[in-house]
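See below for the structure under consideration.
The values are calculated or read from the model by the stated rules, or taken from the named source; none is laboratory data. Not measured: the values here are computed from a predicted model. Every residue, glycine as well, gets a Cβ built from its backbone with ideal geometry; the counts of neighbours run over all protein chains shown.
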Amino acid sequence: MFKTTKSIVGAGVVGVGLLVGGVLGVMSIEVIGQGHAGVVYNRSHGVEEETLGQGWHFVSPFERVTEYPVSTETVKVTKFNVQTKDGKPLSVELSYDYSNALEKLPSIYNKFKGQDSATIQEGWLQTRIKKATLNVFAKYSVLEVFQHQGQINAEIEKEFRKIVEEHGFIVDSVTLGAPTPDKKTAQAIQAVVDAQQKLEQLEIEKEQAKVAAEKSKIEAQGKADAQLIQAKAEAEANKTINASLTAQIIELKRIDKWDGDKNVQTKVVGSDANVIVGGK
């Protein structure tokens, strides 16, 4: 009976050992998701320099693994308010694409005391991109904001990248949505836009009037030139004709028009009222 009891106890110990071993074995399996890497924190000597790639890994029960994205992730920033150079309030929203530098993951883990990527995004990174956005908008008036949105977007991206890259965050791009003014500011902007459009229309009409005047001037000059040319041509023709009217030609024309009546001293012949003098 003693042996039986001993056997039962032994079997129980073995069972418990197997159970504990199984639990510890399960606890030692760590799965790293696709596009991520894991930073290992060992309770005895701190953060491991070597990170874990995607897939299954066996780790010590005394180690803790924190995942960080090493592929590109898109983060949307909650809408917030900025102020322009001329003190106008605008509401903006934006998003950014980023990843963590693989070689700097241990440093990121230490800097942020083991916080996961979601916590860092909602905290430190969001604060930095808002700071970059505020700095850039403060350089522009409210009208300039709506005239240079692409330029402002590029400046925010540049400043945000400069702030975070030294800490191990790689910024691929920043996308700024259309800023939204309050009602009063929107009305003021529209009034300025309307005035500018009216001024532009006046300038267009002014240019059109100049073109029309120039066209009329050219047409009038053309007519004057045509008349001058015609007058010169007629003068040249008359000059040529007068030069060709010799006494012989005039006499010949007189004889051609005389009807031969010797009793008539003078006679008007033809529609041109030329006077024909009869002669003996």
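What are the residues in the stretch 164-187 that are modelled with pLDDT under 95 and β-branched (V, I, T), if any?
Within the stretch 164-187, T180, T185 meet the criteria.
Residue-wise test of (1) touching a helix residue (DSSP H, G or I) at 6+ places or on another chain (Cβ under 9 Å); (2) crowded, with 19+ Cβ neighbours inside 10 Å; (3) under 30 Å from P106 (Cα atoms).
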{"position": "L143", "(1), (2), (3)": "yes, no, no"}
{"position": "G150", "(1), (2), (3)": "no, no, no"}
{"position": "E157", "(1), (2), (3)": "yes, yes, yes"}
{"position": "K162", "(1), (2), (3)": "yes, no, yes"}
{"position": "E166", "(1), (2), (3)": "no, no, yes"}
{"position": "V171", "(1), (2), (3)": "yes, yes, yes"}
{"position": "P181", "(1), (2), (3)": "yes, yes, no"}
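From S44, S60, S7, S28, grab the single residue that is exposed (fewer than 10 other Cβ atoms within 10 Å of the Cβ) and either within 30 Å of V145 (Cα to Cα) or modelled with pLDDT under 90 (or both).
S44
Quick one: would you say A118 is in a helix (DSSP H, G or I) and modelled with pLDDT of 95 or more?
Here the answer is no, as A118 does not meet what is asked.
Looking only at the stretch 76-96, which residues are among the β-branched types (V, I, T) and either outside any strand (DSSP E or B) or buried (at least 17 other Cβ atoms within 10 Å of the Cβ) (or both)?
V77, V82, T84, V92, listed by residue number.
Test Y68 against the criterion of being in a strand (DSSP E or B), of a type outside the set (A, V, I, L, M, F, W, C), under 30 Å from G177 (Cα atoms) and touching a His at 6+ places or on another chain (Cβ under 8 Å), and give yes or no.
Yes: the conditions hold for Y68.
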